[in-house]
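Input: a single structure, listed below in structure tokens.
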Amino acid sequence: MTFEFPHRIPLAQLPTPIEKLEVLTKSLEGPQIYLKRDDYTGVGLTGNKVRKLEFLLAQAIADGCDHVITCGGYQSNHARTTAVAAAKLGLKCHLVLRDGPTVPLEGNLFLSRLFGAEIEYVTPEQYMQVDEIINGVALDIESDGGKAFSIPEGGSNEIGVMGYVKAAEEIVQQLGNMDLPIHHIVVPVGSGGTYAGLLLGKYIFDLPGQVHGINVCDDKAFFVHKTQSILEKANKRYGLGLKVSKIELSIIDGYVGKGYGLSSQSEIDIIKEVARKEGVILDPVYTGKAMLGLVDQVRKGAFKKDENVLFIHTGGVFGLFPKRSLFF
Ligand SMILES: Cc1ncc(COP(=O)(O)O)c(C=O)c1O
């Protein structure tokens, strides 16, 4: 179908490469595992969130906003990426972060401060009403003569989702140039926007292969509902004519481990293994759990030996440093 993207401000280093994980593929004895290096989207801007922010911040500027507000855990990659992108675009960034203010100032949190974000720390109980807190911050900004654009957790709404529709277009072009058939795409799922975007990309750009999401928090039922909700809203906003209930979702549950942001020994081990065998840095919150899930699925025979699997490396490197004591 023909599709016209909404306005976008280029922020990410694109296209990101697709590379084969030779050693891992060999040690698992197939399928062939490829990596889409979305950890290469930038240094401060590393990871999947910048693709969403290209569309979200374009909308913020189109709406005449001079402030941007978002939220997340205190080590949120999305919060850090928003702080960096806002600094680049001359927007004032406000973050509502769960936990703190006694949490160590390191990793993503350190960078959010470095890039000038104003941070409000709230307890996990207060965070349950984060939308109201964000509305309050927006009202304060307004009463001071500013205008705020609010972004939900993870940037996962009908605007942010466009980042991964655009990524799907990019992947289709790359696979064509590489003459590489892909049978499965595997992506970590934290707030659902990346997964939903790839599914939309399948519909709009014929992204090949089945798209599987591995959830790193909550459960399958939660993300089926969340993904469908994002797809419905995108369907309506862009007039896509999509039958959302007909879209086949594949959320592979079972790899949340000890819980969101908590690491098990097998997750730490896979991060070490991929670092040492492939020279690739995974992160403990998203890509480490999802890679463990992928390897486990391969061992259980979920993919055929002669198939090609593309794992989306969604970044998260700065989340590794606060966890360093778990490694050695
Ligand atoms: C590094 C990283 N990978 C994956 C995800 C999951 O992406 P999404 O929130 O779009 O599901 C996130 C954010 O939640 C992230 O920061």
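Each reported figure results from applying straightforward, stated rules to the coordinates on display, with no laboratory input. Everything numeric in this text was worked out from a predicted model, so none of it was measured. When we count neighbours, we look across all protein chains shown, and the Cβ atoms used for this are built from the backbone with ideal geometry, even at glycine.
Among beta bridges from DSSP that stay inside the chain, the antiparallel ones total about 10%. What separates the Cα centres of the stretch 147-219 and the stretch 249-328 is a distance of 18 Å. Mind giving me the FRET efficiency for K236 and L139? R0 is 25 Å, r the Cβ-Cβ distance, nearest 0.05 is fine. The pair K236/L139 has a calculated efficiency of 0.35. Taking the chain as a Gaussian network of alpha-carbon nodes connected by springs under 10 Å, the highest mean-square fluctuation of the residues N235, N177, N215 belongs to N177.
Over the Cα atoms of the stretch 1-58, the radius of gyration divided by the Kirkwood radius equals 1.15; this is the Rg/Rh ratio. Note on the chain: with a GNM built from Cα contacts shorter than 10 Å, the maximum mean-square fluctuation among V186, V137, V216 falls on V137. Karplus-derived 3J(HN,Hα) values for the stretch 39-55, using 6.51 cos²θ - 1.76 cosθ + 1.60 with θ = phi - 60°, are 6, 9, 6, x, 8, x, 9, 4, x, 6, 5, 5, 5, 5, 5, 4, 8 Hz; glycine and proline are entered as x.
Rounded to 0.05, the FRET efficiency of the Q13 and K246 pair, given R0 = 41 Å and the Cβ-Cβ distance, is 0.70. Under 16 Å of direct C-alpha separation, and excluding same-chain neighbours fewer than eight residues apart, K233 reaches these lysines: K52, K243, K246. Could you list, in their original order, any pairs among K166/K272; K20/K300; K226/K305; K226/K277 whose Cα atoms are separated by more than 27 Å? Table pairs above 27 Å Cα-Cα are K166/K272; K226/K305; K226/K277. Computed over all pairs of different Cα atoms, the Kirkwood value for the hydrodynamic radius of the chain is 20.0 Å. Using only alpha carbons, the stretch 49-155 has a radius of gyration to Kirkwood radius ratio (Rg to Rh) of 0.94. Between I69 and H94, F149, S150, I151, the built amide H atoms are under 5 Å apart, and every one of these is 5 or more places off in sequence or on another chain.
Note on the chain: helix-only mean residue ellipticity at 222 nm, from DSSP H runs of 4+ residues weighted -39500 (n - 2.57) and normalised by residue number, equals -13000 deg cm²/dmol.
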